[in-house]
1. Mind checking the full-extension length gain between L212 and A266? Use 0.36 nm per residue of separation minus the Cα-Cα distance, one decimal, nm.
2. Which ³J(HN,Hα) values, rounded to whole Hz and listed in residue order, are derived for the range 233-240 from phi using the Karplus coefficients 6.51, -1.76 and 1.60 in 6.51 cos²θ - 1.76 cosθ + 1.60 with θ = phi - 60°, glycine and proline given as x?
3. So how do 46-55, 367-376 stack up, highest first, on mean other-Cβ count within 10 Å?
4. Taking Cα centroids, how far is the range 18-58 from the range 367-392 in Å?
5. Could you report the accessible area of M341 in Å², rounded to 10, computed with a 1.4 Å probe on the protein chains as they sit in the structure?
6. Less than 19 Å apart at the alpha-carbon level, and either on another chain or at least 8 residues along: which aspartates and glutamates does that give for K364?
7. Can you give me the solvent accessible area of I80 with a 1.4 Å probe, rounded to the nearest 10 Å²?
8. At 0.36 nm per residue, and after removing the present C-alpha to C-alpha distance, how many nm does the segment from L38 to D360 gain when stretched out fully?
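The values are calculated or read from the model by the stated rules, or taken from the named source; none is laboratory data. The model shown is predicted, which means the values in this text are computed figures rather than measured ones. Cβ placement follows ideal geometry from the backbone for every residue including glycine, while neighbour counts extend to all protein chains displayed. For accessibility, only protein heavy atoms count, side chains too; no ligands or nucleic acids. Shrake-Rupley method; radii C 1.70, N 1.55, O 1.52, S 1.80 Å.
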Amino acid sequence: MKKLVVFAAIAFLSLSAVFAQVLPKSGVKNTLSTAFGLPYGESGDSNRDDVRLYGFFDTLQARVDISQFTMEGMLNWNIINNGGWRIGTNGLTPYYYSNCYNNGTGWWTNPTTDNYYVNFLWHPLDGLDVGMGTRLTWVVGPAPNCNGSYWEPYAHPVQGGLQDAAPDSTGNMVVGYTYYANTYTSWYEGNTKAALGVRYQYKDFIEVGAALPSGVDLGAPVFNLGFKIHPIDILTVSAAVDGLFRGTSDVYAGATVDLRYFILDAYLGLNFRSSNNKYGNGAVFQDAGRWGTGAALTFNFEKINLMLRPEIGFTFYNKSNYTFAWYTGARVEWKFAEDFMLGGWSSIGFGAKNNDWDDDPARKDWGGGFVFDIRPDFTWFLNSSNSFTAYFDYQYRHSPNNNNNDLWATGVYWTFKK
């Protein structure tokens, strides 16, 4: 029976240079999926939308390595039913999460599938890479699992579903998200994963890289830097800066301790911002700036082919009137037979509260709100190239203003890779 520890390392610990690209090696991967369910709406509302078929989706990915060059790309095609049928190649978040996030359209808070990506890499010397692409995905250290494609098991609400904002006057958002800049080819404030980058890796010991994000004004340059060192077998330490020279940088630090039977990932993120409309017009760093920390443990029970990965995270705002937010979640996978695996994800996130609400008669009963999500799945490995997965997902959101909304979806997807 194949050991699940290998699968777990690939799917959840994207730390090494081997997995620095979207696909780990030359090949083709195609995913065809469909789903139906009850769209996001108010719990118990008889006038909410009915159960619907969400659509059909096909995503083709390919990578080719030729001599000193690597080329990879993806195309996404879909027929979407979001209140009306539409054919296109547009990017999308998981289709059943429509209107889940009032302000979460960015790739950092939603698991997303782009309409396409294209990457080109040149390897002029051993260990040296020069890359240009729309999704280079150069990662130096651990962070909360997120940004999976819509069919993947970690296409779940990021950080327990906490949103990227400060507590606002409407009380609609469950907030408390922290951005961890462990992927130094992405630019958070510029809302882009496209970049021109260069990195050097000396064996499995050290990696140093820099990137120039797409869309940068030459009059106000932006650079991202990343660093990772693996001095001993059990320890990897990493750091990165997103938006250097802008005064609105995001700073990241992470560490991984690998003790064979369990792996500890820990990370710290500081979001420095002078102003940003994601927090409301005119909001300043003192009102909206925040920092966060978190950790995850991965347990591999090889004898029974079981993997368990719980994680927890906290966000603290600079403004003292805002309480902290936190979440916890876990992924479990059990390969109970040669060709079959049961999996699941569940999380709960508790949002930050504005203590000024206590002095407002209209808001004194408001809290931080919470989000609960659960997503079991079943996978059948037909052969080395084909797998079939069925899943169910349910989410419940209690907003600070005491509104209750939920949704559910169930679907299947077939994956071919060669």
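1. 16.8 nm
2. With the stated coefficients, the range 233-240 comes to 4, 8, 10, 10, 10, 9, 7, 7 Hz.
3. Details: 46-55: 12.8, 367-376: 20.8.
Order by mean packing, descending: 367-376, 46-55.
4. Between the Cα centres of the range 18-58 and the range 367-392 lies a distance of 11 Å.
5. 10 Å²
6. Straight-distance partners of K364: D168, D356.
7. Its heavy atoms expose roughly 10 Å² to the probe.
8. Details: separation 322, 0.36 × 322 = 115.92 nm, distance 3.55 nm.
Separation in residues times 0.36 nm, less the Cα-Cα distance, equals 112.4 nm.
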